Amino acid sequence: MTTLPTSLPGGTWTMGDLDVTRFGYGAMQLAGPWVMGPPADHDGAIAVLREAVELGITHIDTSDAYGPRVTNELIREALHPYPGSLHVVTKVGARRDDQGGWPTAREPHELRRQVEENLASLGLDALDVVNLRLGNAEGPQPESIAAAFETLVELQQQGVIRHLGVSNATPEQVAEAQGIGPIVCVQNMYNLAHRADDDLIDRLAAEGVAYMPFFPLGGFTPLQSSALSSVAGRLDASPMAVALAWLLQRSPNILLIPGTSSFAHLQENVAGARLTLAAEDLVELDRIGREQAVG
Ligand SMILES: NC(=O)c1ccc[n+]([C@@H]2O[C@H](COP(=O)([O-])OP(=O)(O)OC[C@H]3O[C@@H](n4cnc5c(N)ncnc54)[C@H](OP(=O)(O)O)[C@@H]3O)[C@@H](O)[C@H]2O)c1
């Protein structure tokens, strides 16, 4: 297998038999407020998705729960028929309620229905990567995932899913999934200030499994730290650029899925992540996570 060349920061990573750019795009921000309903600027959302592909991004992260259906339908409208190099990663395991909540939906029949819904809204015969979303809004929860993950393995054997991953998972749940079938990725919350998964990332790197940090820029609460501002100021870069460059330098198995609804921010993030952080910058940035951990 040949790895496609890319000019994007971070180069490429191979998930199973899929080559992806390490700089990807997270589509959640394209839905309406609190990830419910359509975007205020439909044409702007379409333009952001097309620009992501134009910039060379070959990995888009989504879920049929965003909107619900909104981001998947935007992806289909903007990009279908999909270029062969583009890989859409989706997730199942939660649904949306009328209040915008994210109730768990991990019974086998619910997972099968969500896979069918993702296939329909994305206009695909098979999904490249499906993450089983675990836990809840408070984060990962310790519980067995066997029945849910086995259902996805069955769907993989039936050919409607190519590769599997887990999301919002404890290290024990990652290991439990790996005992049932191979995974190509883990998608958990991780950024400069939230580093609970440091050991997990290193373990997955050694196993050749990708790690996709969600909320790489802090999510709904943008990353704020005096150390981040100080390093950014010294390098004449934005805090967002430093946060993304840091993730790319943190470990080769980290794949970026920063979210934005803004054409300009997408371009800024791609350009900004090229930054090379020196050893002294890394030492200063490393303190942010440690301070958050004790504070
Ligand atoms: N597995 C899970 O449970 C889970 C949970 C959450 C998210 N996710 C995935 O992770 C992806 C990333 O997470 P996220 O989008 O919530 O959080 P994020 O990438 O950490 O941050 C997105 C926020 O940063 C802002 N932003 C982006 N670039 C910026 C820039 N250059 N300057 C200023 N502001 C900027 C965006 O606003 P603008 O729109 O104004 O740019 C948006 O408010 C999502 O798209 C989704 O695919 C997965």
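Of ASP97, ASP64, how do they rank once you tally other Cβ atoms within 10 Å and put the fewest first?
Numbers: ASP97 8, ASP64 27.
So the residues, fewest neighbours to most, are ASP97, ASP64.
Evaluate the distance, in nm, between pseudo-label points positioned 7 Å from the Cα of ILE180 and of GLU150 along their respective Cα→Cβ axes.
Placing both labels 7 Å beyond Cα along the Cβ direction yields 0.8 nm.
From Cα pairs below 8 angstrom and at least 6 apart in sequence, can you work out the relative contact order of the range 8-141, rounded to a whole percent? Don't jump to the answer; show the numbers that get you there.
Working: 223 pairs, mean separation 28.3, N = 134.
With pairs under 8 Å counted, the relative contact order is 21 percent.
Using Cα springs under 10 Å in a Gaussian network model of the chain, which residue among LEU282, LEU228, LEU134 shows the largest mean-square fluctuation?
Looking only at LEU282, LEU228, LEU134, the biggest GNM fluctuation is shown by LEU282.
Name the residues of the range 1-40 whose amide N is less than 19 Å from a point 7 angstrom out from the Cα of GLU77 along the C-beta direction?
Counting backbone N atoms under 19 Å from the label point, the list is 26-40.
Multiply the residue gap between GLN267 and ALA206 by 0.36 nm, knock off their C-alpha separation, and tell me the result in nm, one decimal place. Can you show the working numbers first?
Details: separation 61, 0.36 × 61 = 21.96 nm, distance 3.17 nm.
That works out to 18.8 nm of additional length.
If I model a spin label at GLU138 and SER226 as a point 7 Å from the Cα along the Cα→Cβ vector, what separation in nanometres do I get?
Output for this residue pair reads 3.3 nm.
With an 8 Å cut-off on Cα pairs and a minimum separation of 6 or more residues, tell me the relative contact order of the chain in percent.
Values: 557 pairs, mean separation 51.3, N = 295.
Relative CO of the chain lands at 17 percent.
For SER85 and ARG274, what is the calculated FRET efficiency with R₀ set at 25 Å and r taken between the beta-carbons, to the nearest 0.05? Before the final figure, lay out the partial values.
Values: r = 21 Å, r/R0 = 0.84.
Efficiency for this residue pair is about 0.75.
Once you've got the GNM for the chain with C-alpha springs shorter than 10 Å, pick whichever of GLY272, GLY16, GLY139 has the biggest mean-square fluctuation.
Maximum among the listed residues: GLY139.
Which of HIS163, HIS109, HIS87 ends up with the largest GNM mean-square fluctuation for the chain, with Cα atoms connected below 10 Å?
Its mean-square fluctuation being the largest, the pick is HIS109.
What 222 nm value per residue comes from the helices of the chain, counting each DSSP H run with n ≥ 4 as -39,500 (n - 2.57) and dividing by all residues, nearest 500 deg cm²/dmol?
Numbers: 10 runs with 118 residues, N = 295.
The helix-only estimate for the chain comes to -12500 deg cm²/dmol at 222 nm.
Based on Cα coordinates alone, diagonalise the gyration tensor for the chain, multiply each eigenvalue by 5, take square roots, and list the semi-axes in whole Å, largest first.
Details: eigenvalues 156, 98, 72 Å².
Over the Cα atoms of the chain, the ellipsoid semi-axes are 28, 22, 19 Å.
Computed from the coordinates by the stated procedures, all read-outs in this text should not be read as laboratory data. Given the structure is predicted, the values throughout are model-derived calculations rather than measurements. Neighbour counts run over all protein chains shown; Cβ positions are idealised from the backbone, glycine included.
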